[in-house]
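Here's the structure, in structure tokens; my notes come after.
Since every read-out is calculated from the coordinates, none of them should be taken as a lab result. On a predicted model such as this, the values are computed, not experimentally measured, just so you know. Glycine also receives a Cβ, built like all others from the backbone with ideal geometry; neighbour counts cover every protein chain displayed.
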Amino acid sequence: MLIEDYFQQIRDVIDNCQNLQSSQVSYIPRSVSRGFIRGDLYFTDSSILHLREFVDVRVAIERNMYSYQYMDTSNNLIFRYDNTEHHQKLNLPTYPHHKHLGSEDNVVASNVPSLTDVLKEISELIQ
């Protein structure tokens, strides 16, 4: 797959998102198969999703770095999925992949979500 094809998949996912009011997303190719996505998605209830992905799509879609941080209207954390390697001492079975629920300190095991998964979770919370 080419990175531009992956970028288009992400654009399509965002364009088809329910409850989305607006978005500001940058797509930065680093090679024909690697790239960086960074942006903010604004929802109808004034919540916001900050997203970042560094992706390599040579063989499969591999998110080398990702963060999906969902915040409420008061800028409080609702959840964040990421793979930052700072929770090794928690012995999570999915390390380094994890999810913060409601606060930075509440960390649980989590598989790597896709943006589609994250947007579905947000839609369920909004409704």
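At-a-glance table
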quantity	calculated
In order through the range 43-54: 3J(HN,Hα) via Karplus (6.51 cos²θ - 1.76 cosθ + 1.60), integer Hz, x for Gly, Pro	9, 5, 8, 6, 7, 9, 10, 9, 10, 8, 9, 10
Förster radius 30 Å - calculated FRET efficiency between residue 76 and residue 112 (Cβ-Cβ, nearest 0.05)	0.75
Residue among 111, 123, 65 farthest towards the positive dipole end of the range 3-126, charges placed on Cβ	65
Charge sum, other residues only, whose C-beta stays under 10 Å from residue 70's C-beta, Lys/Arg counted +1 and Asp/Glu -1	-1
Rounded Å value of the spacing that divides the Cα centres of the range 90-127 and the range 60-84	8
Radius 14 Å from Cβ of residue 116, net charge of other residues (Lys, Arg +1; Asp, Glu -1)	-3
Virtual spin-label span in nm between residue 62 and residue 23, 7 Å along Cα→Cβ	2.5
Residue 33 long-range amide H proximity, modeled H, under 5 Å	3
Value of [θ]222 nm, deg cm²/dmol, for the chain, DSSP H segments ≥ 4, -39500 (n - 2.57) each, nearest 500	-6000 deg cm²/dmol
DSSP-assigned coil residues among GluC sites (Glu not before Pro) in the range 28-127, each with at most 11 further Cβ atoms within 10 Å	85, 104
